[in-house]
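A.B. asks: Sharing a structure here in structure tokens format.
The values are calculated or read from the model by the stated rules, or taken from the named source; none is laboratory data. Not measured: the values here are computed from a predicted model. Glycine gets a Cβ as well: all are built from the backbone with ideal geometry, and neighbour counts include every protein chain shown. When the accessible area is computed, the model is the full protein with side chains, heavy atoms only, and any ligands, DNA or RNA have been set aside. Shrake-Rupley method; radii C 1.70, N 1.55, O 1.52, S 1.80 Å.
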Amino acid sequence: MKIHLIRSENVDDSTYFGVHELLRYKAGPFEFIANEQPDIITIEDEVKEMFPNDPRFHTKDILNFNERAMACISYDFKQLSWEDLLSANRSYRKRKSIPDHETVILLTDYGNHENWFSGFDKNGAQDYFIQTGHWEHYVTRDKRYPVVYQIIGLLIKKRMVSNPRELVSAMHTSPRGCMLDFCKDKKEISLKMRTADMCRDCMKRIQELKVPLEEVRYVFRMIEDIRTQLLYRERYAILLDPLPLLLNGRRKEPVIPELGCLHFRLQPAEFAIY
């Protein structure tokens, strides 16, 4: 299954290519394809002029990240409608002649009017977006892990429903530590990422729908790795033992697996000694 990853212009290279690298680290049935150039999201000036007071076309709002725990803290940043965000997916599909059955996921630092971590094409197309900004308020400053978690979640969720609209009714309004927790209080996403599991009801649904076993295995390997990385970072201050080094791929590139396959360069003499 091909998954095309695109980005808006405000997503930096380290996040975009870091997410792509993590997704490809584990062997699985998905082929993740990166686009070398950022996709620029724009809202046509004439639309804003025609509807100057329509909130659907506002580009800047005040957003409270957590109404209960952080009610006194607000942040200024751009918010776009789902339609505006997903227009980048449609443009990319048309430009690259992407077939309808392949998935296109937009990574973007822009917020969205519904204030969701991710969103989908309500008309049923395999187009999605993932918010890449402000994760430090919920889980970690290393945004690669929650973004990868969201992507992995989309891949398994789309197998559990016949169309994207069903996702809303399938989500759990009360947190269970399951991938399908809705997380109305956005802080609750920390629970399901640290649990790295699915509830019995969702597991039963996966079995009944006969979701391909290789996809299920990939999803659980990935979310377990994410859980390990998040916990390791929390405990880093008391876990200062030397980390193992791995020579990865045919080019034998040195990476540190316990830091999310962090790449670094060695001088030729250092590399030869190692």
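A.B. asks: If you scan the range 151-205, which residues turn out to be acidic (Asp, Glu) and either part of a helix (DSSP H, G or I) or in contact (Cβ under 8 Å) with a residue 60 or more places away in the chain (or both)?
C.D. replies: Glu166, Asp185, Glu188, Asp201
A.B. asks: Look at the range 82-105 and say how many of its residues are touching a His at 6+ places or on another chain (Cβ under 6 Å) and either modelled with pLDDT under 90 or charged (D, E, K, R) (or both).
C.D. replies: Looking only at that region, the number is 0.
A.B. asks: Taking the stated definitions as given, is Lys210 open to solvent by less than 70 Å² (accessible area, probe 1.4 Å), basic (Lys, Arg) and either on the phi < 0 side of the Ramachandran plot or assigned to a loop (DSSP other than H, G, I, E, B) (or both)?
C.D. replies: On the way: open to solvent by less than 70 Å² (accessible area, probe 1.4 Å): no; basic (Lys, Arg): yes; either on the phi < 0 side of the Ramachandran plot or assigned to a loop (DSSP other than H, G, I, E, B) (or both): yes.
It is false that Lys210 is open to solvent by less than 70 Å² (accessible area, probe 1.4 Å), basic (Lys, Arg) and either on the phi < 0 side of the Ramachandran plot or assigned to a loop (DSSP other than H, G, I, E, B) (or both).
A.B. asks: Got a sec? Which of Gly133, Gly119, Gly124 is within 24 Å of Met160 (Cα to Cα), assigned to a loop (DSSP other than H, G, I, E, B) and either of a type outside the set (Phe, Trp, Tyr) or free of Cβ contacts under 8 Å to residues at least 60 places away in the same chain (or both)? So that I can check it myself, show each step before the final result.
C.D. replies: Details: Gly133 fails: within 24 Å of Met160 (Cα to Cα); Gly119 fails: assigned to a loop (DSSP other than H, G, I, E, B).
Going through Gly133, Gly119, Gly124 in turn, just one is within 24 Å of Met160 (Cα to Cα), assigned to a loop (DSSP other than H, G, I, E, B) and either of a type outside the set (Phe, Trp, Tyr) or free of Cβ contacts under 8 Å to residues at least 60 places away in the same chain (or both): Gly124.
A.B. asks: Follow-up. Restricting to the range 157-173, name every residue that is open to solvent by less than 40 Å² (accessible area, probe 1.4 Å) and farther than 18 Å from Trp116 by Cα. Walk me through how you get there before you give the answer.
C.D. replies: Filtering the range 157-173 for residues open to solvent by less than 40 Å² (accessible area, probe 1.4 Å) gives 157, 160-161, 164, 167, 170-172.
The answer is Met160, Val161.
A.B. asks: Go through the range 9-29 residue by residue and tally those that are touching a Phe, Trp or Tyr at 6+ places or on another chain (Cβ under 7 Å) and either part of a helix (DSSP H, G or I) or at pLDDT 90 or above (or both).
C.D. replies: Matching residues across the range 9-29 total 4.
A.B. asks: I'm told Gln229 meets every condition in (1) modelled with pLDDT of 85 or more; (2) assigned to a helix (DSSP H, G or I) except one. Can you identify the failing condition by its number?
C.D. replies: Tallying (1) modelled with pLDDT of 85 or more; (2) assigned to a helix (DSSP H, G or I), Gln229 fails exactly one: (1).
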